[in-house]
Amino acid sequence: MFIVIEGTDASGKSTLVDAVVSELTVQQSTAGAIQYHKGAPKEFTRKGVLSEYVEDIQDFNWFSATAVADRWHWGEVTYAPIKRRHTNIDGFGLLGVAGWRWTEMFLRARGITQFWLYQPLEIIQQRIRERGDDFVEEHELEHILSLYSYAFDNTMSCIKLQPSNGGLDQVANLARDVISYAKTLQSEVQHLERFTWYIGPPKPKALLVGDERNDETDTMLPFKPSGANSADYLLNALPCETWRDYGIINSADVYGEDIIRLYEALNRPKVIALGRMAEMRLRQCSLYESLYTVLPHPQHVRRFHYSDQTEYGRAIDSFANGNTQEYASWVLR
């Protein structure tokens, strides 16, 4: 189990984290949970933040290990636009849209549960006045709170916690609720435990199948958005309203009947092969041709039809929704 608590300064987040850790220690017969505290990233590059928020924890089995994090990747949305504007191009800081989506897809597949501890503006303003703060100023809090709302709206899955009366008098009960919620949400993806090369929701509308990872990446995960590569192009192409509906794999990392097993585990979604190599691998694993559509690999589209990025995303969306006519010209026959 991996629990992430997000929240503004002076929201009571650290107090809740401590209570969750204490409760886990009571509930479990182990030495307790791994604890993380995230501040500014160690390296101000996309490679650095993707390593910190994804690759550094990808080898853990979070269905058996336990961790609690005081913040995770939301700072790239909530603080970068205010505190280091030079790293914020599209509203998602060093992650960018593609890096944010990739991180969210990873967290969802691994059963990592996110919580936003919300407190009204007047409460956090009052607390900042009373205690002071070395990082944020009172006049920034309204903007920061609005950015937290924006981050929340752009997650794949997150629970908003709103303590009654703007306080945390019942923090122990809240901690127990957090753990209970986390167990429930983790159970939704328990069937994905063995598919460590998959990212996305437990029941996607469509499964996007690539070919192989870029040799320059040091992760087993598919389509890492490094620089302006094909993964960045693909993840940015997916429509804002529907990107959460997609799961992604690279077929080169899947052996034998594992694609069929994953297909069944994901509740038989639409399958979209990205490129001829992905199509060939689907044939090799005996997935019936009637179950998938073949569209160009994003690397090809980026290289030869760069300006068609939005249309490419809409074509993917169209086939995911079962509409095979409107964007039929994109199909590789």
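Since every read-out is calculated from the coordinates, none of them should be taken as a lab result. In this text the structure is predicted, and so the values were computed from the model without any measurement. Positions of Cβ are backbone-derived with ideal geometry, glycine not excepted, and every protein chain shown enters the neighbour counts.
Each of Ser286, Tyr263, Leu235 was scored by the projection of its Cα onto the charge dipole of the range 222-333, and the greatest displacement toward the positive side belongs to Ser286; charges sit on the C-beta of Lys, Arg, Asp and Glu. Amide H contacts of Asn250: Gly210, each under 5 Å away and 5 or more positions distant or on a separate chain (H built 1.01 Å from N in the peptide plane; Pro and chain starts excluded).
Applying the Karplus relation 6.51 cos²θ - 1.76 cosθ + 1.60 with θ = phi - 60° to the range 110-120 yields 3J(HN,Hα) values of 8, x, 7, 9, 9, 10, 10, 7, 8, 10, x Hz, where x marks Gly and Pro. When only the Cβ of Lys, Arg, Asp and Glu is charged (+1, +1, -1, -1), the dipole of the chain relative to its Cα centre reaches about 680 debye. Shown is the FRET efficiency for Phe63 and Ser290, computed with R0 = 35 Å from the Cβ-Cβ distance and rounded to the nearest 0.05: 0.55.
Taking amide H positions as modeled 1.01 Å from N, with prolines and chain starts lacking one, the residues under 5 Å from Ile159 and 5 or more places away or on another chain are Gln114, Phe115, Trp116. Annotation note: GluC sites (Glu not before Pro) in the range 1-83 located in DSSP loop regions with a Cβ neighbour count of at most 14 within 10 Å are Glu43. Phi angles across the range 184-193 convert, under the Karplus curve 6.51 cos²θ - 1.76 cosθ + 1.60 with θ = phi - 60°, into 3J(HN,Hα) values of 5, 5, 5, 4, 5, 10, 4, 5, 9, 3 Hz, Gly and Pro given as x.
By the rule of a C-alpha distance below 24 Å, with chain neighbours fewer than 8 residues away ignored, the lysines paired with Lys270 are Lys203, Lys205, Lys224. Fewest-first ordering of His297, His191, His86 by other beta carbons within 10 Å of each residue's beta carbon gives His86, His191, His297.
Listing Ile5, Ile179 from fewest to most neighbouring C-beta atoms within 10 Å gives Ile179, Ile5. Each residue of the range 255-265 was assigned a 3J(HN,Hα) from its phi angle through the Karplus curve 6.51 cos²θ - 1.76 cosθ + 1.60 (θ = phi - 60°); the sequence is 10, x, 8, 4, 5, 5, 4, 5, 4, 5, 5 Hz, with glycine and proline shown as x. Counting only aspartates and glutamates at least 8 places from Lys42 when in the same chain, those with an alpha carbon closer than 15 Å to its own are Glu52, Glu55, Asp56, Glu76. Excluding same-chain neighbours fewer than eight residues apart, the lysines reachable from Lys160 by a Cα-Cα span under 18 Å are Lys13, Lys183.
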